[in-house]
Ligand code: SF4
C-alpha cells in the first residue's frame with residue numbers, strides 16, 4: 001500500500017454498537033467483524049478521506065504498521081474504498097467475475113452428494129424438509145422418486161463435475177456424502193468409492209468425507225472408510241440432549257454409542 005493512498009469509509013459500511021463490542025459489516029458484501037472501541041475509532045476517522053500516516057496521528061495507540069494492516073483488511077472487506085470510486089460498479093464487477101468462475105468450474109472444490117433424503121432419526125430441529133424456498137422444490141424433495149440417489153445418477157453427476165473441473169484446469173475434488181442419513185444409502189456410497197477410488201482413472205485426485213448421525217456403522221463400512229481414508233463428521237449434540245430421537249421416539253444416544261464402538 002502506498003503511504004499517500006487515501007481511503008474513506010464505504011457508503012455501505014454499517015457500524016452497530018453491541019454490549020461489549022461493535023459489529024461492523026458491509027451491507028452488500030457481508031464480512032461481519034466484531035471489533036473493539038479503538039478499531040471502531042480508527043474506522044470512523046475515515047469518514048473523511050485519510051492516508052495511513054494521517055490516520056495514525058489520530059490513533060497513536062496503534063503502531064504505523066498496525067494501522068496499515070487494519071487498512072489493508074478493511075479494504076479487502078470493502079469497508080474502505082478509494083474516495084470518489086463508484087462502489088456499485090466495483091461490486092457488480094466482482095459479482096460478474098464470480099458468476100463467470102462458477103460457470104467455468106474454477107471455484108468448485110467440493111461437491112456434496114445427497115445420496116438419500118431419508119433418515120433413521122427424527123430430530124426435533126431437523127432442517128431437511130424445511131429449507132426449500134418454493135413449493136415445487138419442496139414437492140421434489142419429499143417425492144418418493146427422489147428419496148435415494150441411484151448408483152447411476154451418482155456416477156453421471158460426479159463424471160459431469162470432473163469434466164467441468166478438468167476443463168477449468170483443476171486437478172482435485174472432494175466428495176462429501178450427505179443426507180438425510182447418508183449411510184441409509186450405503187449401496188451408492190460403496191459404489192462411488194469403488195468406482196472412482198482415488199480418481200486415478202479419471203486423471204484427478206479425489207478425496208471423500210461424510211456427514212452422518214453416527215448410528216449405522218458396521219465393520220464393512222469402517223473397513224471401506226479406512227481404505228479410502230474418509231474423514232467422518234458426526235452430528236452429535238449432547239449425551240443428555242432430548243431433541244435427537246429415533247423414528248420410534250426413543251433417545252438416539254445409545255444407538256450412536258453402540259455404533260461408535262465398531
Ligand atoms: S440426523 Fe440429521 S437428517 Fe436425520 S433427523 Fe436428525 S437432523 Fe435430520
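Bear in mind these aren't lab numbers, they're just calculated from the coordinates by the rules spelled out. Here the structure is a predicted model, which means the values were calculated and not measured. Reconstructed Cβ throughout: ideal geometry from the backbone, glycine too, with neighbour counts over all protein chains shown.
Side notes on the structure shown:
- Taking the inverse of the mean reciprocal distance over all distinct Cα pairs, the Kirkwood hydrodynamic radius of the chain comes to 22.7 Å.
- Antiparallel %, DSSP beta bridges [both residues in segment 105-260], to 5: 20
- Cα-based equivalent ellipsoid of segment 8-81: semi-axis lengths in Å, sorted from largest, via gyration tensor: 19, 14, 10
- Helix-only arithmetic for the chain: the sum of -39500 (n - 2.57) across DSSP H runs with n ≥ 4, divided by the residue total, places the mean residue ellipticity at 222 nm at -11500 deg cm²/dmol.
- Ranked by how many other beta carbons lie within 10 Å on average, peptides 179-190, 34-45 from highest: 179-190, 34-45
- Fraction of beta bridges assigned by DSSP in the chain that are antiparallel (%, nearest 5): 50
- Cα centroid of segment 72-138 to Cα centroid of segment 153-178, whole Å: 19
- Ranked 57, 9, criterion: other C-beta atoms within 10 Å, fewest first: 57, 9
- Note on 87, 159: ascending count of other Cβ atoms within 10 Å places them as 159, 87, the fewest first.
- Packing here is the average count of other Cβ atoms within 10 Å per residue, and on that basis the peptides 71-83, 11-23, highest first, run 71-83, 11-23.
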